[in-house]
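Below is one structure, written out as structure tokens; comments come after it.
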Amino acid sequence: MIRTSETMYKYLRPDKTFPHVWCPGCGIGIVMGALVRAIERTGFTKDEIVLVSGIGCSGRMSTYLDFNTLHTTHGRALSFATGIKLANPKLNIIVVMGDGDATAIGGNHLIHTCRRNIDLTALIVNNNIYGMTGGQYSPTTPMEHKASTAQYGSIEKPFDICKLVEACGASFVARATTYHAKMLDALLYRAIDKKGFSVVEAMSQCPVQYGRRNKKGSPVDMMMWFKDNAVSNPAFKKIPPGEVGEQFPVGILVDLDEPDYLERYSQIVKNAGGDRL
Amino acid sequence: MKRHKDLLLHGNEACAMGALAAGMRLFAGYPITPSTEIAEFLSVELPKVGGTFIQMEDEISSMGAIIGASLAGVKSMTATSGPGFSLMQENLGFASMAEIPCVLVNVMRGGPSTGMPTRPSQGDVMQSRWGTHGAHPIIVLSPQSVLECYTLTIHAFNLAEKYRSPVIMLMDGIVGHMWENVQLPEKIEVIDRPEPSVPPDWYDPYDDLPGGEIVPLVPFGEGYRYHVTGMVHDKSGFPTLVHEEVEQCLDKLTFKIKNNLHDIIRIEEYMLEDADICIVAYGSVARSAREAVNIARSWGIKAGMLRPITLWPFPRFHLENISKRVKLFVVPEMNYGQVYGEVLKSCPKRAVRVTRVDGELITPAQIIEKIEEAAL
């Protein structure tokens with residue numbers, strides 16, 4: 001525990017940006033901890049990492065961590081990150097987004113970044129709600145669940161983020177929850193290490209805006225729900241379709257070895273007689 | 001790049017060549033008439049010089065990508081037209097707020113909405129100034145010829161780097177698609193991003209330095225770790241709501257432009273020394289205006305032309321000076337009078353407009369007609 005705190009402290013910007021904006025019981029801090037431990041394990045220096053984020057609760061993560069950090073416009077983080085990566089392929093770029101940020105307003109950018117297979121790591125913190133603006137329903141709010149703009153229950157079919165990005169061509173897709181913090185560390189490490197576009201969905205609890213409206217209990221109750229319903233991917237595949245219920249797979253869901261965008265582009269430059277990094 | 005002489009080029013091509021000459025090495029864009037030739041040309045030429053061309057999924061992400069590239073230290077550009085320009089406003093505001101140098105080319109077509117994709121217009125003069133939310137200045141340049149598409153694009157990059165600001169090249173469909181025989185200049189001035197003068201620990205990317213000196217933007221990855229945000233920020237780049245810091249952040253955006261008007265504003269005066277009538281024209285319309293001046297002069301009417309090459313910040317002081325000498329301003333433009341309104345603001349003298357929004361260029365005869373009418 002003490003060692004973890006030391007690691008955390010090494011990467012925080014304590015004098016500038018605290019207290020942070022996250023509510024008591026929020027899961028985003030756990031996700032940030034996992035990200036820091038994963039980066040520590042990669043051995044990259046702070047200067048070699050660029051942390052890009054969108055708008056919303058998760059988007060604030062870039063403010064608190066001591067890397068090259070870019071807090072972009074809502075939903076557009078992946079486009080900014082694409083420009084950085086193409087301009088300087090040596091940089092390791094991690095893009096933190098929330099569920100609304102990544103799959104609603106930024107949905108178009110998400111699917112096309114998958115398709116291009118640009119060497120970026122996307123960390124999507126999914127808490128099933130727009131937290132910062134006060135609990136409106138997002139593309140991952142489950143059917144019939146309540147939100148401040150779905151007082152009678154949501155009637156929209158939610159996205160499965162991992163299935164979405166898999167279908168769009170991401171090289172690496174994984175999921176963990178705030179209960180599975182150590183698994184999240186390991187998955188993020190793999191994702192950062194992976195060449196090509198990687199997506200890690202971190203399921204997180206929002207007790208204030210989502211849990212409260214939907215009688216999910218305390219933050220601990222919400223994390224216990226993650227524990228009870230998360231199933232490792234191989235085991236999940238064996239569950240008969242009729243018996244899935246609320247269960248969902250965690251761990252590595254997709255791991256492909258395909259040339260990334262820059263590898264292909266470098267070939268174009270070479271053929272055109274140009275010279276590139 | 002090989003220096004060319006005596007080339008037959010169209011405006012869009014010259015603009016793209018100017019960008020390459022200025023050192024632009026990343027272009028991100030989305031196809032749209034009448035700007036697409038810029039993207040097509042650069043998709044061929046950028047790989048040859050080791051640069052990056054990428055066609056994005058829309059104009060929003062195109063603007064995002066060029067901001068990202070600029071933050072990584074590479075001069076970057078996008079090109080679009082009306083509907084795409086509307087989509088770019090969000091991230092254009094970000095570039096202004098976060099003070100990221102980049103160049104946005106807007107080859108204006110008829111609007112509003114889808115409007116007339118293949119017909120020219122000058123309808124985006126006000127959008128280029130006021131299109132984003134919030135208050136911030138912007139630099140907007142308007143070329144009248146193929147050669148100027150080349151030279152002003154280089155100038156746009158220089159201003160972007162010098163003032164850490166997005167710069168808009170506001171072309172129109174006629175200038176973009178017009179072919180001319182041009183001699184590109186042998187020597188050009190290219191301003192690159194300066195090195196920081198302080199070590200990382202002392203670096204504040206948004207510091208307000210005495211004398212209005214602008215802090216160089218250090219590319220990501222060079223040891224100067226800092227935070228960039230579209231939120232109102234303090235001098236170190238972190239969000240703030242402290243009144244003094246908010247004011248300082250926003251004032252700085254305004255004054256870095258306002259205090260350098262003499263350096264930023266370029267105009268052309270044509271036969272204005274003894275003129276009674278001053279035509280104010282820009283872009284392709286300035287070509288008709290020049291001819292109208294010649295015709296009027298041949299009839300003994302003392303006409304002249306002021307051509308704002310820099311549309312924003314608007315050359316108000318130049319107009320004020322000229323208004324002391326002339327009796328009448330005539331403002332022809334391919335909209336309902338966007339610059340005409342600025343002329344009215346700048347000088348209390350009589351001003352009339354010549355407007356045209358049917359997708360055709362204003363002719364010298366139309367301008368002459370207005371001069372005759374007003375002279376009666």
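The values are calculated or read from the model by the stated rules, or taken from the named source; none is laboratory data. The model shown is predicted, which means the values in this text are computed figures rather than measured ones. Virtual Cβ from ideal backbone geometry, glycine too; neighbours counted across all protein chains shown.
Just a few scattered comments:
- Number of positions in region B:196-243 that are loosely packed, with under 13 Cβ neighbours inside 10 Å and either acidic (Asp, Glu) or not in a loop (DSSP other than H, G, I, E, B) (or both): 7
- Flag if B:GLU148 is closer than 26 Å to B:ASP6 by Cα and among the acidic types (Asp, Glu): yes
- From the options B:VAL331, B:VAL339, residue that is surrounded by 17 or more Cβ atoms within 10 Å (Cβ to Cβ), assigned to a strand (DSSP E or B) and at pLDDT 95 or above: B:VAL331
- Filter result for A:THR133 (more than 10 Å from every other protein chain (Cβ to nearest Cβ), outside any loop (DSSP other than H, G, I, E, B) and over 19 Å from B:ALA69 (Cβ atoms)): no
- Residue list for region A:241-277, filter: among the aromatic types (Phe, Trp, Tyr), in a helix (DSSP H, G or I) and either away from chain B (no Cβ under 14 Å) or in contact with a helix residue (DSSP H, G or I) (Cβ under 6 Å, 6 or more places away or on another chain) (or both): A:TYR261
- Residue check: B:LYS258 meets all listed conditions (1) under 28 Å from B:THR151 (Cβ atoms); (2) more than 14 Å from every other protein chain (Cβ to nearest Cβ); (3) surrounded by 17 or more Cβ atoms within 10 Å (Cβ to Cβ) but one, namely (3).
- Evaluation of A:VAL21 against (1) away from every other protein chain (no Cβ under 11 Å); (2) within 20 Å of A:GLY134 (Cβ to Cβ); (3) out of contact with any His (no Cβ under 8 Å at 6 or more places or on another chain) (one fails), failing number: (1)
- Residue satisfying condition, being in a loop (DSSP other than H, G, I, E, B) and of a type outside the set (Phe, Trp, Tyr), within set B:ALA286, B:ALA292, B:ALA275: B:ALA275
- Scanning region B:29-49 for residues that are within 7 Å of chain A (Cβ to nearest Cβ) and either of a type in the set (Asp, Glu) or touching a Leu at 6+ places or on another chain (Cβ under 8 Å) (or both) yields one hit, B:VAL49.
- Of the listed requirements (1) surrounded by 24 or more Cβ atoms within 10 Å (Cβ to Cβ); (2) part of a helix (DSSP H, G or I), B:ALA79 misses just one: (2).
- Restricting region A:18-58 to residues that are crowded, with 20+ Cβ neighbours inside 10 Å and hydroxyl-bearing (Ser, Thr, Tyr) leaves a set whose member that is farthest from B:PHE220 (Cα to Cα) is A:SER58.
- Of all residues in region A:1-56 being of a type in the set (Lys, Arg) and in a helix (DSSP H, G or I), the one that is nearest to A:MET203 (Cα to Cα): A:ARG37
- Scanning region A:104-136 for residues that are surrounded by fewer than 24 Cβ atoms within 10 Å (Cβ to Cβ), more than 25 Å from B:PHE220 (Cβ to Cβ) and either in contact with a strand residue (DSSP E or B) (Cβ under 9 Å, 6 or more places away or on another chain) or of a type in the set (Ser, Thr, Tyr) (or both) yields A:ALA104, A:MET132, A:THR133, A:GLY135, A:GLN136.
- Residues in region A:63-100 that are assigned to a helix (DSSP H, G or I), more than 7 Å from chain B (Cβ to nearest Cβ) and within 15 Å of B:MET231 (Cβ to Cβ): A:TYR64, A:ALA77.
- Among the criteria (1) of a type in the set (A, V, I, L, M); (2) under 20 Å from A:GLY131 (Cα atoms); (3) touching a helix residue (DSSP H, G or I) at 6+ places or on another chain (Cβ under 6 Å), the one A:LEU110 does not fulfil is (2).
- Condition check for B:VAL339: among the hydrophobic types (A, V, I, L, M, F, W, C) and touching a Gly at 6+ places or on another chain (Cβ under 8 Å): no
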